[in-house]
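Read-outs throughout are calculated quantities, based only on the coordinates presented, and are distinct from any laboratory measurement. The model shown is predicted, which means the values in this text are computed figures rather than measured ones. Every residue, glycine as well, gets a Cβ built from its backbone with ideal geometry; the counts of neighbours run over all protein chains shown.
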């Protein structure tokens with residue numbers, strides 16, 4: 001019982017990283033904190049692999065702990081259901097990001113970038129090697145960037 005309580009307590013102390021929706025703000029933070037940007041293109045209400053990526057990797061305690069100290073996260077969402085539509089200015093920002101970093105319209109697509117927008121690594125679809133391997137790939141770039 002004590003072990004179960006400690007595991008529950010540990011899971012509650014992991015910070016959930018904040019996903020920004022404004023790339024310009026993310027770049028300013030990345031410059032100030034000397035971090036890389038992880039940009040994710042998602043279809044939150046229609047793309048099954050996008051939902052799995054969020055649930056299995058982005059919401060995992062391991063990823064959250066790593067991202068909280070190492071990355072600036074940006075989500076460019078493209079919902080289809082009318083009840084989930086984004087404000088026009090957000091749609092325009094997401095479309096501009098897609099034109100620059102996701103010309104093929106792949107979902108999900110995750111892009112690791114420098115603060116000035118240089119692409120370092122791209123993942124198309126759901127990473128098949130799991131959270132730990134995904135983090136290791138990012139960590140290599142983070143370590144090289146420092």
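May I ask for the angle, rounded to the nearest 10°, between helix 2-13 and the longest principal axis of the chain, with both axes built from Cα atoms and the value confined to 0 to 90°? Once rounded, one gets 30 degrees. Over the chain, with a Gaussian network built from C-alpha contacts below 10 Å, which listed residue (40, 81, 22) shows the highest mean-square fluctuation? Highest fluctuation among the options: 81. Over the chain, dividing the summed -39,500 (n - 2.57) contributions of all DSSP H runs of at least 4 residues by the number of residues returns a 222 nm mean residue ellipticity of -14500 deg cm²/dmol.
Residues of region 20-59 with the amide nitrogen closer than 19 Å to a label point 7 Å from the Cα of residue 81, along Cα-to-Cβ, please. Correct set: 42-56.
Got a sec? How would 83, 54, 28 order by Cβ neighbour count within 10 Å, fewest to most?
Details: 83 6, 54 19, 28 13.
The order, fewest Cβ neighbours first, is 83, 28, 54.
Backbone N atoms of region 68-94 closer than 20 Å to the 7 Å Cα→Cβ label point of residue 45 belong to residues 75-94.
Note on residue 137 and residue 91: the model spin-label points, each 7 Å out from Cα along the C-beta direction, lie 3.2 nm apart.
Please give the length that would be gained between residue 128 and residue 55 if that part of the chain were fully extended, namely 0.36 nm times their separation in residues minus their C-alpha to C-alpha distance (nm, one decimal). Write down the numbers at each step before the final one.
On the way: separation 73, 0.36 × 73 = 26.28 nm, distance 1.40 nm.
So the chain would gain 24.9 nm between residue 128 and residue 55.
Highest GNM mean-square fluctuation among 104, 95, 62, for the chain modelled with Cα contacts below 10 Å: 104.
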